[in-house]
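Where a number appears in this text, it was derived from the coordinates with a stated rule and is not lab data. Keep in mind that this is a model prediction, so the values were computed, not measured. Cβ sites come from the backbone with ideal geometry, for glycine too, and all protein chains shown count toward neighbours.
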């Protein structure tokens, strides 16, 4: 029988498990604290847990610990990109970024992705599997231990589509923001989606105070379908209606992620169409000069075009900023580090780490 994943259990669930093992409820509290506050890498680190109980837990539960395979550090801004190995040998990547307001970690929610967005390296080999709540949490825990610095913001915007792994991502948010764990504010958590409308509506009903970031990338259905296959399922009209519903349910403004690709979606007409599309919504536009991906032929917009795009949105009364570029010298785009590792491994080469 497959062992249960102890680090994906909520404190309430853990108390029930410990009761079934004949242990007192306070032992569950101790265990939870070791796993999610003290970030213990195994039962052997838990000094106030009896040896017999550690043995029982080891026999009954799987204990998720990610193995660091590679760390790349930017010579430009100190951004770090991590490649982690999961217990089954699959790989995921995470990014640690230092800002004036605190440290942010961008985590993956799946191994690979099946959404097929044309400018993303994560999706090139399709979806391998979903990550568990503990595998998402441990990306943060491992980075916290490696850097020795507190993480104040978490972005679920790495490899994978979070809403395609809905239940595990919801559990992850619950545990990340639990007062018995890291107790991060929901307002410091951002979840990205390419626009799975039914799941966005389901998430809205949870009335969480997280930030929902919608990968928009185009202001017409025709252009968006060329960039994002999900646009064949849900129109922009449906998406905008869903965004209005999300704000109505949560009171949280939507962030629109818009990757600027030279001569594809960065013209004055594109900016005007975008402004007309989102006018009246409580929102913010995050303009992102696209990270070039080796397997794609998309090229980053020129700085002048980016600035003109942002200026036109501002003139139209749309709140927009250009994302600060972090870690451009270390496989910046989602999925690039993992893909390079897999390519090199199949070729019998070693991954060079900066």
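Angle between the Cα long axis of helix 51-60 and the longest principal axis of the chain, 0 to 90 degrees, nearest 10? Helix 51-60 sits roughly 50 degrees off the main axis of the chain. Comparing 24, 38, 205 in a Gaussian network model of the chain where C-alpha atoms under 10 Å apart are linked, the largest mean-square fluctuation is found at 24. Helix 236-250 and the longest principal axis of the Cα set of the chain meet at an angle near 50°. The range 124-149 and the range 221-299 have their alpha-carbon centroids 27 Å apart.
One decimal place: the segment residue 299-residue 238 gains 19.0 nm when fully extended, by the rule 0.36 nm per residue minus the C-alpha distance. Give, as ranges by residue number, the residues of the range 1-43 whose backbone N falls under 15 Å from the point 7 Å along Cα→Cβ of residue 88. Residues 2-5 qualify, since their backbone N sits under 15 Å from the label point.
Protection proxy ranking, highest mean first, for peptides 108-114, 168-174: 108-114, 168-174, where packing is the per-residue count of other beta-carbon atoms within 10 Å, averaged.
An ellipsoid equivalent to the range 4-62, defined through the eigenvalues of its Cα gyration tensor, has semi-axes of 14, 13, 11 Å when rounded to whole angstrom and sorted largest first.
Over the residues of the chain, the helix contribution to mean residue ellipticity at 222 nm works out to -11000 deg cm²/dmol, using -39500 (n - 2.57) for each DSSP H run of at least 4. Net length available on complete extension from residue 311 to residue 41 is 92.3 nm, with 0.36 nm assigned per residue and the Cα-Cα distance removed. Stretched out straight at 0.36 nm per residue, the stretch from residue 323 to residue 145 would grow longer than its current Cα-Cα span by 61.4 nm.
With each label modelled as a point 7 angstrom along the Cα→C-beta vector, the residue 73-residue 226 pair spans 4.3 nm. Helix 268-278 axis versus longest C-alpha principal axis of the chain: approximately 60°, rounded to the nearest ten.
Of all the C-alpha pairs in the range 102-243, what % are more than 25 Å from each other? More than 25 Å apart: 28 percent of the Cα pairs in the range 102-243.
The fewest-to-most ranking of 135, 222 by surrounding Cβ atoms within 10 Å reads 222, 135. Computed from the C-beta positions of residue 202 and residue 52, the FRET efficiency with R₀ = 41 Å rounds to 0.45. Each DSSP beta bridge with both residues in the chain is either parallel or antiparallel, and the antiparallel ones are about 45%.
Exposure proxy for 88, 178, 138, 164: other Cβ atoms within 10 Å of each Cβ, ordered fewest to most, give 88, 178, 164, 138. The Cα atoms of the chain give a gyration tensor whose axes a ≥ b ≥ c have a/c of 1.5 or more with a/b greater than b/c, which makes the shape prolate. By DSSP, the beta bridges lying fully in the range 225-313 are antiparallel in about 10 percent of cases.
Please report the base-10 log of the normalised intensity I(q)/I(0) for the range 188-310, using a Debye sum with one equal scatterer per alpha carbon and no solvent, at each q in 0.10, 0.14, 0.17 (1/Å). Per q value, in the given order, log10 I(q)/I(0) is -0.30, -0.59, -0.86.
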